[in-house]
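What follows is one structure encoded as C-alpha cells, with my remarks underneath.
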Amino acid sequence: MEFKKRRRPQKKHKKWPRRIFALLLILVVAAAGWFYYDNWTYQAKNPNDTTVTMVTIKSKESPKAIGQQLKQAGLIRSSQAFEKYAKQNGSDSLLAATYPVSPVQSIAQIYDELTQGSGATPVLSSEYTFISNDKTADQSATTLERAAGINKDALLSAYTNQDLIKKAQAKYPTLFLNSKTVKTLYDFVYPGIYKFKKEKSADDFVMTLLKESNKSLQPYYAELKANKMPASTAILLAENGGKKEFDRRLAFIKKIAPYSQELQKQYGILASISIAQAIHESNWDDSVLSSKYNNYYGVKTDDTTAGKSVVLQTQEVENGQTVTKNARFAAYDSYQDSMKAHAKTIANGNTWNANQFADVLAAKTYQDAAQALSTDGYATDPSYPKLIIQIIENWNLSQYDQN
C-alpha cells in the first residue's frame, strides 16, 4: 500500500518586520539627509568667491527681510536659515548700517557682522583676510603678516620699491592709467577679501595683490578710460557702494555737467568748480536738501514764502569747532534753478559786496578757484579747498572747463 507523502503546510512568513525595518531605514536616511541639508544651508555659499557686496540694513528691518535681501544678492543659500538663526540669537542685535558681505561667510559670520553696526568689516574664517580702505599700509601689513606669513617690513618696502612699481606698471598698464604719480603700490590694492597662498617673497605677494586688484577693476575700466579717471576713484568706492555707487555718481556728473558749462560761458565760474561744489554740498545728490528741494549748494535764504524755503539742521565750523544749527535754506523748482542761483551769487557777490567772490572768477585754474572759495569767504571749513580739489581730480572734472 502506497502512502502518499503528506505535504507539510508551509508557514506564512510575516512580512511586516521587513517593512518596518525598511521604513525605519528610509526615515534614518531622510533624517540624515535633512540634517546634512540643514547644516549645508548655514555654511558659506561659495568658499572660493571672495567678491564683496555692500548690503544696507534699515532700522528695525525684520530678519526675514534681511534674509531675503542676502539671498537675492547671492550671498547665502537660504533666507529662511538666516531668519531662523537671527531669531535664535537675537533679532534685536541686528543694527542698521551698510555692510560688506561675501559668499565666503557662513550665516553665523554674517549675523555676527550685522550686529557690529557702522564701520564693521567682514567676520571671516582664519584662511581669509580683509583689506580695508580705512587701514593704512602699516596697519594692513601687520594683519597680512599674521595671515600670510609675509614679513611686515619687507612688505612695506616692496610697496615703494621703484623697480617693482615699474614691473607692475608694465604688467597691469590699465591699473595705472591716468595716475599722475605712483608713490606706493598700496594705493592700487583693491579693498576686499583675499585668500592667500604662501608666496615666495614680499614682491611676489604684492604682485598677487595687484593681480586681484586688476581683476576686480575690470567692470570699471571702460568708464575710467572714457573719462580719463584714475583707478583710485573706483578703489575709494569699493567699500562705499562699489560699482553701483560709481555708476550713480558718474550719472550725476553727466547730468549736471552740460549746464555747468553753459553757466561758465554766462557767468565765468569754472564748470569743474560748479560740479565739485554741487557734489560736495549735496553729498552726490544724496541729501534731503538736494533730492527733495533741488538745493545743490546749501544756499540759505530769508524768504519765508511757502514753497520757497525749508528749515533744516546743518553743521558749520565756528572757532575751529563743528556745531549743529537750524537754518533756513532755499527751495528750487529744478536743479538748474539751483545751479544758476549759485553761479549768479559767485558772479554778482552779495548785497554788501558785489565783488565778494572776484578771486573765484579771476582764477584760471581749478586749484586757484578752490582756494579762493575759502579766502573770499564762501566756506567756513578750512579744509574746503582741499576737498573740492580732490573731487575734481578724482573724477577729472577739469575736462568740462571751457578754455
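Every number here is computed from the coordinates shown, using simple stated rules; none is lab data. Predicted model, so just to flag it, every value in this text is computed and none were measured. Backbone-built Cβ (ideal geometry, glycine too); neighbour counts: all protein chains shown.
With a Förster radius of 22 Å applied to the beta-carbon distance between Thr305 and Thr380, the computed FRET efficiency rounds to 0.20.
The loop-placed GluC sites (Glu not before Pro) in the stretch 91-196, going by DSSP, that have at most 13 neighbouring Cβ atoms within 10 Å of their Cβ come out as Glu127. For the peptides 381-389, 64-72, residues were scored by their other Cβ atoms within 10 Å and the scores averaged per peptide; the highest-first order is 64-72, 381-389. For the stretch 171-252, trypsin sites (Lys or Arg not before Pro) are listed when DSSP marks them as loop and at most 13 other Cβ atoms sit within 10 Å of their Cβ; the list is Lys180, Lys183, Lys197, Lys198, Lys200, Lys228.
What range in the chain is the longest one free of chymotrypsin sites (Phe, Trp or Tyr not before Pro) that are in a loop by DSSP and have at most 11 other Cβ atoms within 10 angstrom? Counting at most 11 other Cβ atoms within 10 Å as exposed, the longest clean stretch of the chain is 4-351.
Within the stretch 294-341, the trypsin sites (Lys or Arg not before Pro) that combine a DSSP coil assignment with at most 15 other C-beta atoms in a 10 angstrom radius are Lys308.
Which shape class, rounded, prolate or oblate, goes with the stretch 242-400 when its Cα gyration tensor gives a ≥ b ≥ c as root eigenvalues, a/c under 1.5 marks rounded, and past that a/b bigger than b/c marks prolate? Because its axes are fairly even, with a/c under 1.5, the stretch 242-400 counts as rounded. At a Förster distance of 56 Å, what's the computed FRET efficiency of Ala22 paired with Lys254, Cβ-Cβ distance as r, to 0.05? Result of the calculation: an efficiency of 0.25. Figure legend: label point modelled 7 angstrom from the Cα of Ala358 along Cα→Cβ; residues of the stretch 373-400 with amide N under 16 Å from it are 373, 375-378. Of the residues Met339, Ala44, Leu289, the one whose Cα sits farthest towards the positive end of the charge dipole of the chain is Ala44 (charges of +1 on Lys and Arg Cβ, -1 on Asp and Glu Cβ, taken about the Cα centre). Under a model in which nothing but the beta-carbon of Lys, Arg (+1) and Asp, Glu (-1) is charged, the stretch 91-148 shows a dipole of about 80 debye around its Cα centre. The stretch 60-114 and the stretch 167-194 have Cα centres lying 34 Å from one another. So I have (i) 58, 47, 30; (ii) 124, 62, 42; (iii) 145, 63, 38, and one of them is Cα extents along the principal axes in Å calculated from this model. Which one is it? Label of the calculated value: (iii). Computed about its Cα centre, the charge dipole of the chain is approximately 4280 debye, with only Lys, Arg, Asp and Glu carrying charge at their Cβ.
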